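Before any comments, here is the structure.
The values are calculated or read from the model by the stated rules, or taken from the named source; none is laboratory data. Since the structure is predicted, the reported quantities are computational estimates derived from the model, not experimental observations. Here the Cβ positions follow ideal geometry from the backbone for every residue, glycine too, while neighbour counts run over all protein chains shown. Areas reflect the complete protein model, heavy atoms only, side chains present, ligands, DNA and RNA absent. Shrake-Rupley method; radii C 1.70, N 1.55, O 1.52, S 1.80 Å.
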Amino acid sequence: MVVVDKPAGWTSHDVVARMRRLASTRKVGHAGTLDPMATGVLVVGIGRATRLLTYVVGADKEYTATIRLGVATTTDDADGEAVATVDASGVTTADVAAGAAALTGAIQQVPSAVSAIKVDGQRAYARVRAGEDVELAARPVTVSRFDVHDVRPALTADGSPVLDVDVTVVVSSGTYVRALARDLGAALGVGGHLTALRRTRVGGYSLDVARSLDDLGALPVDEPIDVVSLADSARATFPVRELTDDEARALSYGQSIGVADDAPGTTVAGIGPDGRLVALLEERGGTVRPALVFSPA
């Protein structure tokens, strides 16, 4: 894995295309799309590590963001056109905190219409751009944290009073932070949209191990990209079971092994005595079987 600090203005696909050139392989993918305006952690799988991406995608995610209250946009972020502007000067910090608290926990969220969700086989954003009215169904998501840090008055370009709110959110996979901005603004009666978004963590991968594309691109041609090993990637994503030599050998042949006394009942990374990732393990019918083998016999 490579943890990239995605720059603003790049799509996630742009980053994958760049990494394909840098790694000299087509076998590159990412875990969780970031909008072009967003920056921060984009987990990129290279080679065999792409097999882990399905699991990384489902991990919780942490963001810092700035929400502008008083302006609603077509895309729920700053890339869209303003559709309504309301004087937000009467909204208090207590109002904002109460609104954020109401959007914390297990909620039903309607994704932004301009999203990558498919509607009858076509991306919702493509239908919107074609002039269609798109209505997406609400879906269950979990907002573990919605912390309000700073609420400050500001003015739009035409002088309308708005509020800029700095927040930190931790959300389940599939949650749209710009939809949280939209819904917070709607609940307060003034509308809202995102003006800044930075992803600071995906599961066990955080900004402290992220590298910029400029840094990665500056490496000498003959120097391989410094990647997070398969074993460390697995440790950042799953509970770990330390295997004996016999267990590692059996799993490498696709055979099952016994259930550990402290088995967590979820997908587990099986790490061999040599520190390598042997397999991802799942408990089935009283035994532990390899779901994916990374070190075959």
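For Thr93 and Ala154, the FRET efficiency from 1/(1 + (r/R0)^6), where r spans their Cβ atoms and R0 equals 22 Å, is about 0.95.
Using the average count of surrounding beta-carbon atoms within 10 Å as a protection proxy, the listed peptides 249-257, 168-176 rank, highest first, as 168-176, 249-257.
Mean-square fluctuations from a GNM of the chain, with a 10 angstrom spring cutoff on Cα atoms, peak among Gly286, Gly185, Gly29 at Gly286. Applying D = kT/(6 pi eta Rh) to the stretch 238-293, where Rh is the Kirkwood radius over alpha-carbon pairs, T corresponds to 20 °C and eta to 1.002 mPa s, the Stokes-Einstein value obtained is 200 µm²/s. Dividing the mean sequence gap of close Cα pairs (under 8 Å, 6+ apart) by how many residues the chain holds gives a relative contact order of 21 percent. Report summary: the helix-based calculation at 222 nm, which adds -39500 (n - 2.57) for every DSSP H run with n ≥ 4 and divides by the residues of the chain, gives -5500 deg cm²/dmol.
Per-residue extension of 0.36 nm, minus the Cα-Cα distance of Asp215 and Ala137, leaves a gain of 24.0 nm for this segment.
In a fully extended conformation the segment linking Ser295 and Arg249 would gain 15.6 nm over its present Cα-Cα distance, using 0.36 nm per residue. For the chain, the dipole from Cβ point charges (+1 on Lys and Arg, -1 on Asp and Glu) about the Cα centre works out to 840 debye, to the nearest 20. Rounded to a whole number, what is D in µm²/s for the chain from Stokes-Einstein with the Kirkwood radius over alpha-carbon pairs (20 °C, 1.002 mPa s)? My calculation gives 101 µm²/s for D. Close amide H partners of Arg139, meaning residues 5 or more places away or on another chain with modelled amide H under 5 Å apart, are Gln109, Val110. Of the residues Ala218, Ala31, Ala106, the one that moves most in a GNM of the chain with alpha-carbon contacts below 10 Å is Ala218. Largest accessible area first, the residues Val57, Val134 order themselves as Val57, Val134 under a 1.4 Å probe with ligands, DNA and RNA left out. Seen against the Cα atoms of the chain and their longest principal axis, helix 12-23 is set at about 40 degrees. Compared with the dominant principal axis of the Cα atoms in the chain, helix 93-102 is inclined by about 50°. Estimated at 0.36 nm per residue, the fully extended path between Glu282 and Ile225 surpasses their Cα-Cα distance by 17.4 nm.
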